[in-house]
Amino acid sequence: MLKIVMIMLCGIGTGYLLRNKKMSFIGRIITVLIWVLLFLLGIEVGSNPRIISGLQTLGLEAIALTLGGSLGSALFAWALWKYVTAKQAKSSAHAETGKGGKA
């Protein structure tokens, strides 16, 4: 656990020292590393016979939780998007009609 905290603190320190540098490639590196970590997690899960044998017992409840969580997240993200874009459209309409508060 101490190793993990130390690695994280080193990353924070490095980020602090390099905060004024433009590093646009970092986002792509993070994305690739996340995909690699997910792949390695899949290998670990697939190679564990206890987990594989227990997949049959998860059944309908696991599917319902997965679908409910995914659909709920998508629904609320869509609702937030509609709310934000409607608010932006309303404020731009006020600015165009002269109701934006300018004298």
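The values are calculated or read from the model by the stated rules, or taken from the named source; none is laboratory data. No experiment lies behind these values; they were computed from the predicted model shown. Methodologically, a virtual Cβ is constructed for each residue, glycine included, from the backbone with ideal geometry; neighbour enumeration extends over all protein chains shown. With ligands, DNA and RNA removed, areas are computed over all heavy atoms of the protein, side chains included. Shrake-Rupley method; radii C 1.70, N 1.55, O 1.52, S 1.80 Å.
Listed residues ALA62, ALA74, ALA103; which is open to solvent by less than 100 Å² (accessible area, probe 1.4 Å), aliphatic (A, V, I, L, M) and at pLDDT below 95?
Going through ALA62, ALA74, ALA103 in turn, the sole match is ALA62.
For segment 49-59, give me the residue count where each residue is of a type in the set (Val, Ile, Thr) and either under 19 Å from the mean Cα position of the chain (by Cα) or open to solvent by less than 100 Å² (accessible area, probe 1.4 Å) (or both).
2
Check GLY42 against each of (1) open to solvent by 70 Å² or more (accessible area, probe 1.4 Å); (2) in a helix (DSSP H, G or I) and name the one condition it does not meet.
(1)
Between residues in segment 38-58 that are free of Cβ contacts under 8 Å to residues at least 40 places away in the same chain and residues that are part of a helix (DSSP H, G or I) and loosely packed, with under 10 Cβ neighbours inside 10 Å, which pairs lie under 7 Å by C-beta distance while being six or more apart or on different chains?
none
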